[in-house]
Amino acid sequence: MLIRKTPLVPGKWLFFLVTSVCLAISACYEFIEWWTALLCGESAEAFLGTQGDVWDTQRDMFLALLGAILGQLSLSRIHDRELGKMGIPDK
């Protein structure tokens, strides 16, 4: 979407923005989990099933970061090639 609908071009800023959006979505999900645990009146551990892992949220965020970076590094050329087949040139 960012390549097709904005003046952004493939490069460092696009990579940074996509990674940031993935982290923001992950953080929102972690907030929703936390708020749900608070609203239900249960302990966070019981609701979330963290099984005593105090680093569960941080691990989830790290995996979102890792997935965003690895996904972009491994799939960007395939994505660009498919956009080219659709007649959407790189800017």
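The values are calculated or read from the model by the stated rules, or taken from the named source; none is laboratory data. Keep in mind that what you see is a predicted model, and the values were worked out from it rather than measured. Methodologically, a virtual Cβ is constructed for each residue, glycine included, from the backbone with ideal geometry; neighbour enumeration extends over all protein chains shown. Surface accessibility is based on the protein's heavy atoms, side chains included, excluding ligands, DNA and RNA. Shrake-Rupley method; radii C 1.70, N 1.55, O 1.52, S 1.80 Å.
Assorted remarks:
- Pairs where the first residue, in the range 61-89, is touching a residue at least 60 places away in the same chain (Cβ under 8 Å) and the second is loosely packed, with under 12 Cβ neighbours inside 10 Å, C-beta under 7 Å, 6+ apart: ASP80/ASP90; ILE88/ARG4
- Cβ separations smaller than 9 Å between residues 6+ apart or across chains give the following pairs from the range 4-19 residues that are under 19 Å from LEU65 (Cα atoms) and β-branched (Val, Ile, Thr) to residues that are assigned to a helix (DSSP H, G or I) and open to solvent by less than 50 Å² (accessible area, probe 1.4 Å): VAL18/ALA68; VAL18/GLY71; VAL18/GLN72; THR19/ALA68; THR19/GLN72.
- Filtered residue count, the range 39-68, keeping only those that are exposed (fewer than 12 other Cβ atoms within 10 Å of the Cβ) and modelled with pLDDT under 85: 10
Condition check ((1) surrounded by fewer than 15 Cβ atoms within 10 Å (Cβ to Cβ); (2) hydroxyl-bearing (Ser, Thr, Tyr); (3) under 20 Å from the mean Cα position of the chain (by Cα)) across all residues:
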residue: MET1; (1), (2), (3): yes, no, yes
residue: ARG4; (1), (2), (3): yes, no, yes
residue: PRO7; (1), (2), (3): yes, no, no
residue: LYS12; (1), (2), (3): yes, no, yes
residue: PHE16; (1), (2), (3): yes, no, yes
residue: THR19; (1), (2), (3): no, yes, yes
residue: ALA27; (1), (2), (3): yes, no, yes
residue: GLU33; (1), (2), (3): no, no, yes
residue: ALA37; (1), (2), (3): no, no, no
